[in-house]
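The next block holds one structure in the form of structure tokens; read it before the comments.
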Amino acid sequence: MESPARRKLLKNARNKRVRKNACTYSFYIVGGIVLFALLIGGLAYGAHRSEVTITGVRVSGAEVADEQDIVSRAEAALSGAYLFMFPKANFFLYPENAIVREILASDTRIKSTDVSRSGVEITVTVVEHTPTYLWCDTTDDRRTRMNADGKERIDADGSEQGDEECFFTNDEGYVFSEAPLFSGNVYITLRGPLYGEGTDPRGKRYLPLEQFKKISQLLALLSQQKIAAHSVRAMGSGDYAVGVRNGLEVRFSIAQDTGRLAENLQSASAALVDTNDIEYIDLRFGNKVFYK
């Protein structure tokens, strides 16, 4: 059995080892923190050097979009620092994806954006939407205006915009920019409600992309038969009317099979050429074609 004196001696020895180990651990911890701080400080210092700092922004491809606005937004994204130490304008740290997102969100006329670096500058390359259609702010294909004698005149041929507010739309039904007034059928005019949030038509779609493809397909089929369309009108419940020459409409459903639609259109080709006594051709009823 150990004596009290021996137990005290052993206890003191253990305490001494614990204190020694604690001092050793504290030394390593403090030393590690100091080394880490020196490393971070060195990296932060190096990240601020002019040799690795972006000093300019160029814009390529902007024809309609505001070039200076693009530059300003890119420069704003490059300002500031990560963790208050590492500058965002550093070659290796600049927020490429953030710049792309900001520019795309700022202007609906821009279709895509790419950012690249050359030397001390970055180049923002933009691709703008190309107008293919007009979307006009009405669901009715008829526009009421006044004749010279003050009587009401109704125009249903789609040849003029009248007082409508119209917007450029790309080949996928995406509305991206307000359009000036045109005379004649410069673009096919789309009429009907848009899909999207907010009151501004820009940034919305005439139809979801897969459904809009059906309209594009019908227009292409008409073009193959040398039939020029001037308007597309939403009739409701997925039904649409395509206006062609002499006031004739071709009516179809967005839910129709494309093959059946092509067959019905082929059956109606003779009537499409001679439209003097026909108000519309209806392709919505299976393999039957109706005329009025």
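The values are calculated or read from the model by the stated rules, or taken from the named source; none is laboratory data. These numbers were taken from a predicted model, which means no experiment stands behind them. Please note that ligands, DNA and RNA were not included when accessible areas were found on the heavy atoms of the full protein model with its side chains. Shrake-Rupley method; radii C 1.70, N 1.55, O 1.52, S 1.80 Å.
Numerical summary
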| quantity | calculated |
| --- | --- |
| Subset of K111/K226; K204/K226; K88/K204; K213/K292; K111/K213; K111/K214 violating a 24 Å alpha-carbon distance limit | K111/K226; K204/K226; K88/K204; K213/K292 |
| The range 183-262 - percent relative contact order, Cα under 8 Å, separation 6 or more | 25 percent |
| Built amide H within the under 5 Å cut-off of Y82, gap 5+ | K88 |
| Proportion of all alpha-carbon pairs of the range 72-142 beyond 19 Å (%) | 47 percent |
| Distance histogram for the range 185-233 (every C-alpha pair counted, 5 angstrom bins, percent rounded to whole numbers) | 5, 19, 23, 25, 16, 8, 3, 1 |
| Apportionment of accessible area to carbon and sulfur, the range 182-223, percent (1.4 Å) | 50 percent |
